Amino acid sequence: MACEVKTTCPYCGVGCGVIARVGDDGAVSVKGDPEHPANFGRLCSKGSALAETLDLDGRLLHPEIGGRRAGWDEALELVAERFSQAIAEHGPDSVAFYVSGQLLTEDYYLANKLMKGFIGSANIDTNSRLCMSSSVAGHRRAFGSDTVPGTYEDLELADLVILTGSNLAWCHPVLYQRLAAAKASRPEMKVVVIDPRRTMTADIADMHLAIAPDGDVALFNGLLAHLASSGAVDQDYVSANTNGFTEAVQAAAALDLPSLSDVTGLTQKQLRDFFRLFETTEKVVTCYSQGVNQSSAGTDKVNAILNCHLATGRIGRPGMGPFSLTGQPNAMGGREVGGLANMLAAHLDIEKEIDRDLVRRFWGATAVASKPGLKAVDMFRAVADGRIKALWIMATNPVVSMPDADAVEAAIKACPFVVVSDMQRHTDTARHAHVALPSLGWGEKDGTVTNSERRISRQRAFLPAPGEARADWWQLAEVARRMGFDEAFSHASQSAIFAEHAALSGFENDGRRDFDIGAHAAIEPAAYNDLAPFQWPQPKGTAPQGTRFFAKGEFYHADGRARFIAVQAPQARRANEAFPYTLNTGRVRDHWHTMTRTGKSARLSSHLAEPFVEIHPRDAQNIGVSDADLVVIESPHGSAVVRALVTDRQAEGNLFVPMHWNDQFASKARIDALVAPLTDPFSGQPASKNVAVRAKRFSAK
Ligand code: SF4
């Protein structure tokens, strides 16, 4: 019988509501949910094509051991046995989970609980490390918590929206649509786009600043120094709510205007105009995404931005604030449950005994990890050098997406025991699995996700599980039980896990933690099924509030005050004589990550059909290529062959290559094979931008 189900898009961090309709004949169609507060009925190209990606071609439908079909019991026993054996022989830090912002919160919660509460290691990290961990680190330094203060509505209420390191039009398309509509209705609104490329987002910009590689700290330091010298600082707010202003301004003032111009690649006039616009506009929102986060100075960039909002008190009020946009559908949910190796569940701190003790008592945990675990790049280094004996990868494809991807592939191949839980049978990673476990996909699985504005929404199943595919949380619970942790992993359903997650967030939470959804601690399955989208926090006994954080200060450092962080502009340019071009990686409009789903839609693939490099006409001329020629791009770590797209939207000296294509879709196109495993010292996030490469015309000889 035909039915309609309200669910949430599984792609980007905007988290749009979707209504999926299953017809009498089983055909699925989708439309935007007009009542969902993220999108109010809109969908982008990817969301609109969801129904075209649901076929079972290429699906992993049964557990496999060494490539042969196996039963669930046999596969789960083997996973539990090999993990237990590694732990017994080499200690808890000899095993690791590498998980994903594609997981639902309930899956994520159990994975974290098993590793950090019962195995006794914190070796669980996530592909969100590659996405927004610099924002997490920046928030924690400034606010004392990983809090995103704003809401999508702030973009519509602002008089100035700054988009830095964010191609919003392609990477968060529905949020871009909301911004473009607001700008069209309020001509006084200004938009500034800071990006080395003149992206589609820049088409609505009043000012496009084609910044030099990693010039962001210098730019926002210059802005802070300008605000201080022009009398634009909100002294009352700074005195009442912050520490460290003087030191931050001293560091920010290190470069004069000509030096700033050199470092940022912007003219002095552009700098003056930008500074003046920020100074004279009260309602400012600064959105930032991977162009800021994916840097060896990503955390400092984030804090340079936060410093400017703290200095002007433009935070936590309607139409004002810094706004980190998450890439993945549940990057934020992963942060809530401690999916990063350096965090505990419920925004608790793994480095504080009081917090470890809290989760120990709440979980009845037998072995709470006592120190941070390995972050993604270090985790795969530990796999490579043999420290990790058993690795479980869930819902992600690190052989394509990790920096130095060839080395990551070699490490996975050499690892004594690799488990991959995935929908697809032959991803570049899954083909190296000793045990492959079939997971549910979108439309089949059921749980919650949290979007960039802290809004928790339900993903609901409307299709039957194909073959023997099972939920990721079920797989984790079954392995945990077989490892001897029966009682703590006896959840009957995803709603029971969500209730436990909510209860932990409110457990002994006297307001010192930002994440609190204790109001849902006793949620029953029927109410969970009907759960409407809501924003956190929602402590016990309260209704959904739609809160903006920090309007009155009340930060999460012990003294309640925010911290300015004194940051120095890094030595930015890595390009050199041997590798003279700066490569930036990123997304295209119609594909998602490694294309295991969007690659199924002919319509989506027709937008940009093959991997390409955007190159400035003069650079193209210098290496002797014309539009559509094949180009070889090389770094000290690897090489790729892609099609030339000659365009002056690209800054001279810079190349842009999308990160989606892989060996499944085009040979020699794994662009992350070129990216050095260079990371930010605070967040551990890899620098997928500002990679030194060389380029030449492809020759078949
Ligand atoms: Fe899905 Fe993001 Fe598009 Fe919304 S904007 S439909 S969440 S991909």
Discussion item. Being basic (Lys, Arg) and either on the phi > 0 side of the Ramachandran plot or not in a loop (DSSP other than H, G, I, E, B) (or both) narrows it down to one residue among Arg387, Arg361; which is it?
Written reply: Arg361
Practice prompt. Working only within segment 30-59, note down all residues that are within 11 Å of the ligand (Cβ to nearest atom), closer than 24 Å to Ser439 by Cα and among the basic types (Lys, Arg).
Written response: Lys46
Practice prompt. Just give me the residues in segment 1-13 being closer than 12 Å to Val30 by Cα and near the ligand (Cβ under 6 Å from one of its atoms), in sequence order.
Written response: Cys9
Discussion item. Residues that are surrounded by fewer than 23 Cβ atoms within 10 Å (Cβ to Cβ) and of a type in the set (D, E, K, R): does segment 239-253 have at least one?
Written reply: yes
Worksheet, complete the sentence: Among helices (runs of 4 or more DSSP H) completely within segment 152-215, the ones holding 2 or more residues that are within 14 Å of the ligand (Cβ to nearest atom) and touching a Lys or Arg at 6+ places or on another chain (Cβ under 6 Å) are 168-171, 173-185
Discussion item. Which residue is farthest from the ligand (Cβ to nearest atom), if the candidates are limited to segment 14-29 and must be under 25 Å from the mean Cα position of the chain (by Cα) and of a type outside the set (Gly, Ala, Ser)?
Written reply: Ile19
Practice prompt. Could you tell me whether Leu257 is touching a residue at least 24 places away in the same chain (Cβ under 8 Å), in contact with a strand residue (DSSP E or B) (Cβ under 7 Å, 6 or more places away or on another chain) and over 26 Å from Ala137 (Cβ atoms)?
Written response: no
Practice prompt. For Ala430, state whether it is buried (at least 22 other Cβ atoms within 10 Å of the Cβ) and not polar (S, T, N, Q).
Written response: yes
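For every residue, the table says whether it meets (1) surrounded by 16 or more Cβ atoms within 10 Å (Cβ to Cβ); (2) closer than 22 Å to Asp590 by Cβ; (3) not assigned by TED's automatic domain parsing to the domain that holds Gln424.
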| position | (1), (2), (3) |
| --- | --- |
| Ile19 | yes, yes, yes |
| Asp24 | no, no, yes |
| Ser29 | no, yes, yes |
| Lys46 | yes, yes, yes |
| Glu77 | no, no, no |
| Phe83 | yes, no, no |
Worksheet entry | Residues within segment 307-342 that are under 23 Å from Thr286 (Cβ atoms) and small (Gly, Ala, Ser), tallied | 8
Worksheet, complete the sentence: When restricted to Asp195, Asp214, Asp206, the only residue more than 18 Å from Asp154 (Cβ to Cβ) and in contact with a His (Cβ under 9 Å, 6 or more places away or on another chain) is Asp195
Worksheet entry | Selection count where residues are assigned to a loop (DSSP other than H, G, I, E, B), within 16 Å of the ligand (Cβ to nearest atom) and surrounded by fewer than 16 Cβ atoms within 10 Å (Cβ to Cβ), scope segment 569-625 | 1
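The values are calculated or read from the model by the stated rules, or taken from the named source; none is laboratory data. The structure displayed is predicted, hence computed values, not measured ones. Here the Cβ is made from the backbone with ideal geometry for all residues, glycine too, and neighbour counts use every protein chain on show.
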